[in-house]
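The values are calculated or read from the model by the stated rules, or taken from the named source; none is laboratory data. For clarity, every value in this text was computed on a predicted model and none was experimentally measured. Reconstructed Cβ throughout: ideal geometry from the backbone, glycine too, with neighbour counts over all protein chains shown.
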Amino acid sequence: MSRLRKRRIITPKTVAVTPTNPSDVHPATEQFTATVTNVHGTAITFPATCAGTWSSSNTARATINQTGLATTVSAGTTNINFTTVVGTSAAKGGTGISDATPSVYTVS
C-alpha cells in the first residue's frame, strides 16, 4: 500500500509586487514578480504552487501575461496587480488577496 502525501496549503497574508513603479520607453517589456508572505511570515515568490492572477488596470498602456511579463502598448500609466487565492482555488471557496499597493507602470 502506498502512502499518500498531504499537500500543504499556503495561506497568504500579504502580497508585494516588484519592481515598484518602473518606467520604460515604448516598445518595451518589464518582468514583474509577486512575493506573497504567508501567515507564518514565510515569503513565497510567484510563480509557485498557489494559484494567482496578474492584471493591468489599463491594457491600452500595458498588458501582462500570467508569468508576470508586461508588454507596453502606448504611453501612459497602468497599475500592475497580482491576486492570489487562499486555499486551493477560488472555485472551491477560496477568497482572493491582492497587493495593497499595486506597482504603477509608466510608459513614455
Practice task
Please verify whether the stretch 75-82 includes one or more residues that are surrounded by fewer than 15 Cβ atoms within 10 Å (Cβ to Cβ) and modelled with pLDDT of 75 or more.
Solution key: yes
Completion exercise
Taking the stretch 25-40 and keeping residues part of a loop (DSSP other than H, G, I, E, B) and either modelled with pLDDT under 75 or surrounded by 14 or more Cβ atoms within 10 Å (Cβ to Cβ) (or both) leaves His26, Ala28, Phe32
Handout entry: Qualifying residue in the stretch 41-54 (condition: modelled with pLDDT under 80, loosely packed, with under 15 Cβ neighbours inside 10 Å, assigned to a strand (DSSP E or B) and of a type in the set (Ser, Thr, Tyr))
Key = yes
